[in-house]
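The values are calculated or read from the model by the stated rules, or taken from the named source; none is laboratory data. These numbers come from a predicted model, not from an experiment. Cβ placement follows ideal geometry from the backbone for every residue including glycine, while neighbour counts extend to all protein chains displayed. The protein model used for the area step is the full one, side chains on, heavy atoms only, and it has no ligands, DNA or RNA in it. Shrake-Rupley method; radii C 1.70, N 1.55, O 1.52, S 1.80 Å.
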Amino acid sequence: MDQRLPVQGAQGDLLKLVATGDAASRADLARLSGLAASSVSLRVEELIEAGLLAEEGSGASRGGRRPRRLRLSPTAGVLAVADLGAHHARLALLDLSGEPLVVQERPCDIAKGPEVTLDWLMAAFDDLLAERVPPDVPLRGLGTGIPGPVDPATSKVVTPSRMPGWNDFPVAEHLATRYDLPILVENDANLMAVGEARAWPGSANLMVLKTGTGIGCGVIVGGRLHRGRGAAGDISHVRVRSDASVVCACGHTDCLEVHASGAALASALAQAGIDVTRTADIVTLVSDAVPEATSLVRAAGRRIGEVLTALVNFFNPDVVAIGGSLSAAEPLITSIRATVYERCLPLATRDLEIAPARAGRDAALLGAGALLLDAALAP
Ligand SMILES: [Zn+2]
């Protein structure tokens, strides 16, 4: 079976309107697309013929004839998406509307290098597809988040921290050796930002922080992901004020990352004789009121807040949403908020929300689904 979506251009736009839930009838499609009713009908018939749309039952009555209801066909296809972290990967299969059919977390060590990690990922996808998806439902696209900068032009990973062997590795090309499908490779914080933005309807400009082993940030401008040259939102190597001079993997001193990331806090705790194996352990220490952990997290929040102060003054976002495994430590968000509100221009903070991320642990997976659907339907 041809697994590429046989629909692009206007047909793709109509399919997307149904997939996103914006349209549920031919009349909705005509109204939202601006196409004539006759040409909407023609394309809808083609989409039904192709097994992508189903039309049945009745929609809301408007007095006269009840409009038939359009929805995605259950056999329209699935998307396979992953969010690779330093030690764990979350994997999911989504239907074309972005709804998760299954989500799993599996241990995975990206320090083993790109070939081993990506081959493992493809095998994991194959397992999930064999277990959960009937053979007549095609895979329509595949995407993964990477915890490092990704060049949008080449889909290569560029100078990532804590990812030995990944620099300049052609991730999309490697995945394409197995799958002849639209493939998405994107920085994990960017994916998280796209997923999180869906949880803030009415807010067009967002900064979404991912505070975990590293620190990342995705930027949504006017409702769309802002990639810049590929490193937009990468706040990890912004210099912060510090008494100690700590050298970062990038070769400079006193980057935000070496003072406020989960990895930095873990090594500071180790020096105090407290061993943690993952960032979530730091959150547990804070919940248990271990003073060393609480004061380190609070200091990290202040440093992140200082960097955000400049960015909030400059960008004036509607929302700063803070997610990632370290964000569950309450003092982190409290001290970020205090620093930003204290130091920013009043006009920049008057209606600004600084809040825990809403979309939950699967934000990046949902973001990957949304971007992948765009890619699959793009001309
Ligand atoms: Zn650095």
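Observations on the model:
- Normalised by the number of residues in the chain, the mean separation of alpha-carbon contacts (under 8 Å, six or more apart) gives a relative contact order of 16 percent.
- Cα pair distances in the stretch 223-379, grouped into 10 Å bins until the bin that holds the longest one, percent each: 10, 34, 36, 17, 3, 0
- Histogrammed with a bin width of 5 Å, the alpha carbon distances of the stretch 61-150 distribute as 3, 12, 22, 19, 14, 9, 7, 4, 3, 3, 2, 1, 0 percent, first bin at zero.
- Using only alpha-carbon positions in the chain, the gyration tensor eigenvalues give semi-axes of 40, 24, 17 Å once each is multiplied by 5 and square-rooted (largest first).
- Counted charge near ARG106, where neighbours are those whose Cβ lies closer than 12 Å (Asp, Glu -1; Lys, Arg +1): -3
- Averaged over its residues, the stretch 264-379 has an accessible area of 47 Å² per residue, based on protein heavy atoms and a 1.4 Å probe.
- Of the beta bridges in the chain, as assigned by DSSP with both residues counted there, near 60 percent are antiparallel.
- Of all complete DSSP H helices in the chain, those with a Cα span along the helix axis of 24 Å or greater and a mean Kyte-Doolittle hydropathy of -1.0 or more are 114-132, 291-315.
- Cβ-based net charge around ARG26, under 11 Å, with every Lys or Arg adding one and every Asp or Glu removing one: +1
- Accessible surface, the stretch 183-243, averaged per residue in Å² (probe 1.4 Å): 42 Å²
- If the Kirkwood radius is taken over C-alpha pairs of the stretch 233-293, then at 4 °C and 1.567 mPa s the Stokes-Einstein diffusion coefficient equals 105 µm²/s.
- Assigned charges on the beta-carbon of Lys, Arg, Asp, Glu; the chain dipole about Cα centre (debye): 1060 debye
- Pairwise Cα separations in the stretch 117-158 fall into 10 Å bins from 0 onward with the following percentages, short to long: 22, 43, 25, 10.
- Of the residues THR20, GLY34, ALA10, the one whose Cα sits farthest toward the positive end of the charge dipole of the stretch 9-55, with +1 on the Cβ of Lys and Arg and -1 on the Cβ of Asp and Glu, is GLY34.
- Within-10-Å neighbourhood charge of GLY212 [Cβ basis; K, R +1; D, E -1]: +1
- Zone residues, the stretch 295-319, relative to GLU353, backbone N less than 11 Å from point 7 Å out along Cα-to-Cβ: 318-319
- Taking every C-alpha pair closer than 8 Å and separated by at least 6 residues, the mean separation divided by the residue count of the stretch 283-363 gives a relative contact order of 39 percent.
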